[in-house]
Amino acid sequence: MHSTVTETPVITTTGLTKVYQSRGRDITALDGVDLHVREGEVFGVIGRSGAGKSSLIRCVNLLERPTSGSVVVDGTDLTALAGRGNRAGRELRRARSRIGMVFQHFNLLSSRSVQDNIELPLEILGVSGAERSRRALELLDLVGLADRAKAYPGQLSGGQKQRVGIARALAGNPKVLLSDEATSALDPETTRSILQLLRDLNRQLGLTVLLITHEMDVVKTVCDSAALMKQGRIVESGTVGELLATPGSELARELFPVTGDASGPERTVVDVTFHGDAATQPVISQLSRTYNIDISILGAAMDTVGGKQIGRMRIELPGRYEDNVVPVGFLREQGLQVDVVDEDLPAEVPAQSNGAHGAALVKETVK
């Protein structure tokens, strides 16, 4: 089965709030969060530490009880099943079994073998021993660890432990997989392999994946859609393509950071976003030749997102903006997103190094 993104939301939160009590004070971790994750997509929630990401993902499967608001997963209102007590009732436990969860620090039982760790949720659900064993071995093969069934967590690398964690999360044949900073404890190469595994599982099993992260590379590598969280609120969300095409998008700016200041007075600095066919066209040199102007490239960031080349470039044009209305119009006619940089705004996020595809800062003149 191949995953295809539909318009049907499989995870919906409405007005979700979570308030914690700490030393007699109320601390609001979630402040009216509305989230819509479509069936079959990989959706990333990104934000800094303390933004509310972990509270959000733990409220989606009701490991944390929301203070108010609702959570609907695959048509079931989990908040309605929660009841008033602290212990989850039978119906909530059954609904939760259709939601897999992958943790940052693996959460494997050191005294159990790899196979026994994967069988644990099935054991809790009352599945027979023979069926548990068959399912565990099938999942180990799926995550590339068929030869490690009898090993113990202490004998595995971090990446292998996370693969076991993913296999365990899939034991109940979930429709939704939640990933709580699943790669933040791993080195870059292992992170890439785990992200590729999540993307493969999304496509092969038709899984909907909701992941939280503080790493922009994770969003670039695997996400169809993303949301930016700040102080318990979602301040931006949409498909990655939509965000890149949104003027002034903070997420787009952080995904593809470019820097550079005007070289002098009466210069126009613009950020140009390339995606689709435009990413491979020599648009800047065409602009220079067509209008016989010198264009300085102050910075550029290029990467591959969802198999497509996407990039942003900061360029400087001679003269004030009023003098450059026609050249800017030319760029927009080529299907490019063009944002004029207001020099009174704070400095942009510094460029990040992202390996071979990373942000390349250059300064050159095109004639």
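The values are calculated or read from the model by the stated rules, or taken from the named source; none is laboratory data. Note that the structure is a prediction, hence the values are computed from the model and not measured. With ideal geometry, Cβ positions are generated from the backbone for all residues, glycine too; neighbour counts draw on all protein chains shown.
Assorted remarks:
- Segment 98-126, residues that are touching a Ser or Thr at 6+ places or on another chain (Cβ under 8 Å) and assigned to a loop (DSSP other than H, G, I, E, B): 104, 125
- Some residue of segment 316-331 being at pLDDT below 80 and either at positive phi or out of contact with any helix residue (DSSP H, G or I) (no Cβ under 6 Å at 6 or more places or on another chain) (or both): no
- Residues (within 21 Å of residue 9 (Cβ to Cβ), surrounded by 22 or more Cβ atoms within 10 Å (Cβ to Cβ) and of a type outside the set (Ser, Thr, Tyr)) located in segment 175-184: 177, 178
- Where strands (runs of 3 or more DSSP E) fall wholly inside segment 185-264, the ranges with 2 or more residues that are crowded, with 22+ Cβ neighbours inside 10 Å, out of contact with any Phe, Trp or Tyr (no Cβ under 6 Å at 6 or more places or on another chain) and modelled with pLDDT of 90 or more are 208-213, 225-230.
- For segment 109-132, a residue qualifies if it is surrounded by 21 or more Cβ atoms within 10 Å (Cβ to Cβ), of a type outside the set (Val, Ile, Thr) and either within 18 Å of residue 182 (Cα to Cα) or assigned by TED's automatic domain parsing to the domain that holds residue 62 (or both), and exactly one does: 117.
- Which numbered condition residue 95 fails, given (1) modelled with pLDDT under 90; (2) over 20 Å from the mean Cα position of the chain (by Cα); (3) within 27 Å of residue 224 (Cβ to Cβ); (4) outside any helix (DSSP H, G or I): (4)
- Long-range neighbours under 9 Å by Cβ, at least six apart or interchain, first residue more than 15 Å from residue 272 (Cβ to Cβ) and touching a residue at least 24 places away in the same chain (Cβ under 8 Å) within segment 321-332, second surrounded by fewer than 18 Cβ atoms within 10 Å (Cβ to Cβ) and of a type in the set (Ser, Thr, Tyr): 326/291
- Residue 320 vs. criteria outside the structural domain of residue 219 (by TED's automatic domain parsing), within 30 Å of residue 192 (Cβ to Cβ), among the basic types (Lys, Arg) and in contact with a Ser or Thr (Cβ under 8 Å, 6 or more places away or on another chain): no
- So residue 169, is it of a type in the set (A, V, I, L, M, F, W, C) and either farther than 17 Å from residue 198 by Cα or in the same structural domain as residue 58 (by TED's automatic domain parsing) (or both): no
- Extreme residue, farthest from residue 221 (Cα to Cα), among residues of segment 232-258 that are over 14 Å from the mean Cα position of the chain (by Cα) and of a type in the set (Gly, Ala, Ser): 232
- Those residues of segment 37-64 which are surrounded by fewer than 17 Cβ atoms within 10 Å (Cβ to Cβ) and either polar (S, T, N, Q) or more than 21 Å from residue 182 (Cβ to Cβ) (or both), in sequence order: 49
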